[in-house]
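Structure record follows, encoded as structure tokens.
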Amino acid sequence: MRPFTTLAAVIFLLVAAGHLVRLILGWAAVLNGIPIPLWVSGVGAVVPALLAVMLFREARKSKAGS
């Protein structure tokens, strides 16, 4: 796996984990005075997690094909 691919996948996983923690603990988030609903963190946990999985799968395929 290339270093950039690994780094990108890890960053996506960290973002997903941060959103998941906010979702589980119910932390409030306010951006410029506007409260951000918790469901946004649900999407924010699923999308980067899927992107990380896709990166890991792509890296595995490219390594097997080499």
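The values are calculated or read from the model by the stated rules, or taken from the named source; none is laboratory data. Everything quoted here is computed from the prediction, not taken from an experiment. Positions of Cβ are backbone-derived with ideal geometry, glycine not excepted, and every protein chain shown enters the neighbour counts.
Please verify whether segment 23-35 includes one or more residues that are surrounded by 14 or more Cβ atoms within 10 Å (Cβ to Cβ), within 11 Å of the chain's Cα centre (by Cα) and either hydrophobic (A, V, I, L, M, F, W, C) or modelled with pLDDT of 95 or more (or both). Checked against the condition, which is being surrounded by 14 or more Cβ atoms within 10 Å (Cβ to Cβ), within 11 Å of the chain's Cα centre (by Cα) and either hydrophobic (A, V, I, L, M, F, W, C) or modelled with pLDDT of 95 or more (or both), segment 23-35 yields no hits at all.
Here the condition is being in a helix (DSSP H, G or I) and surrounded by 14 or more Cβ atoms within 10 Å (Cβ to Cβ); of 17, 64, 45, it holds for 45 alone.
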